[in-house]
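Only one structure is covered here, and it is reproduced in the block below.
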Amino acid sequence: MKIISFEGIEGVGKSTQIRLLKDFLESKNLNVEVLREPGSTLAGEKIRDILLDNDNKLSNETELLLMFSARSELVNKIILDSKSDYLLLDRFFDASMAYQGYGRELSKEFISSLISFIKCPIPDFTFLLDISVEQGFSRKHNDNMDRIESSGFDFFDKVRRGYLEIASNNNDRFFVINANNDIDSIHDEILSNLNII
Ligand code: TMP
């Protein structure tokens, strides 16, 4: 089984690329499962609702621990038992390092220890779709902003810089892709990085 994760700030087009890659892999008769974080389990989707609800004024520590509670369910109930050829993850633990570590400025060492504690497998490939905060949010202007999306420009700037630093520290599995490019050329770039064209 290969695990491929997709990361980036809001509005970078992760879902579109995941859908295109899923269609491509299925056209080759491969078995593909798409999972999103936080979510994709019964408990994980309920935790997601708590995390994104604007009425909840959560502390940063609560936010981090809820992310890992949802992730622990996903890892232990789905990922570690999966028989799929490919797991496509719409965000994974790198998101906690970027959002809660760099963005909320919580301890990166503690986040690393949580990653080990819940036995997260390391993705084989991680695609970071990169775009400026202004461009990311301008693509989302019709949506209602959830609790995390309402965190402001400075927060998302720290998250974006964090992602780029995480990518450069893990360049064995990370590919940084310019999310300004058109949808088809991003898809082709992903396929060529995966070496499966
Ligand atoms: P989504 O809207 O891309 O599905 O993600 C939900 C939100 O949760 C998004 O704003 C990113 C945020 N998030 C974190 O802050 N930390 C995490 O570990 C994950 C997985 C998501």
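Observations, loosely collected:
- Calculated [222 nm] ellipticity per residue, helices only, for the chain: -14500 deg cm²/dmol; basis is -39500 (n - 2.57) per DSSP H run with n ≥ 4, divided by all residues, nearest 500.
- Per-residue Karplus couplings for the range 165-177, computed as 6.51 cos²θ - 1.76 cosθ + 1.60 with θ equal to phi - 60°, are listed in order as 5, 4, 4, 6, 7, 10, 6, 6, 10, 8, 10, 8, 10 Hz, Gly and Pro entered as x.
- Under Karplus coefficients 6.51, -1.76 and 1.60, residue-wise ³J(HN,Hα) of the range 95-106 in Hz, glycine/proline x: 5, 5, 5, 5, 7, 8, x, 6, x, 8, 6, 7
- Convex hull of alpha carbon positions in the chain: directionally averaged projected area 10.6 nm².
- Near-label residues of the range 8-36 by backbone N, under 20 Å of a point 7 Å along Cα→Cβ of L191: 13-34
- For the pair D53 and Q135, the difference between a 0.36 nm per residue extended length and the Cα-Cα distance amounts to 27.1 nm.
- With protein chains left intact and a 1.4 Å probe, residues in the range 133-197 average 59 Å² of accessible area per residue.
- Around the amide H of V34, modelled in the peptide plane, lie the amide H atoms of L88, all under 5 Å away and 5 or more residues distant in sequence or on another chain.
- Nonpolar atom fraction for the chain, defined as the carbon and sulfur part of the 1.4 Å probe accessible area, stands at 48 percent.
- HN-Hα J in Hz across the range 110-127 - Karplus 6.51, -1.76, 1.60, θ = phi - 60°, x for Gly and Pro: 5, 4, 4, 5, 5, 4, 6, 4, 8, 6, 5, x, 8, x, 6, 9, 10, 9
- In this structure, the amide hydrogen of K2, modeled 1.01 Å from its nitrogen in the peptide plane, lies closer than 5 angstrom to those of Y86, L87, counting only residues at least 5 positions away or on a different chain.
- Pair-distance distribution P(r) for the range 1-66, from all Cα-Cα distances in 5 Å bins starting at 0: 3, 13, 19, 19, 19, 12, 8, 4, 2, 0 percent.
- Inter-site label distance for R161 and N178 at 7 Å from Cα along Cβ, in nm: 2.3
- Total charge dipole magnitude, the range 33-75, about the Cα centre, Cβ charges on Lys, Arg, Asp, Glu only, Debye to nearest 20: 40
- Gap separating the Cα centres of the range 11-41 and the range 130-169, nearest whole Å: 21
- Positive contributions from Lys and Arg (+1) and negative ones from Asp and Glu (-1), summed over other residues with Cβ under 12 Å from the Cβ of L87, come out at -2.
- With contacts taken as Cα pairs under 8 Å and at least 6 residues apart, the chain reaches a relative contact order of 33 percent.
- Long-range amide H partners of I9 with built H, under 5 Å: I131
- The range 122-166 shape via C-alpha gyration tensor axes, a/c threshold 1.5: prolate
The values are calculated or read from the model by the stated rules, or taken from the named source; none is laboratory data. Since this is a predicted model, take the numbers as computed values, not measurements. So basically every Cβ, Gly included, is an ideal-geometry build from the backbone, and we count neighbours across all protein chains shown. With ligands, DNA and RNA removed, areas are computed over all heavy atoms of the protein, side chains included. Shrake-Rupley method; radii C 1.70, N 1.55, O 1.52, S 1.80 Å.
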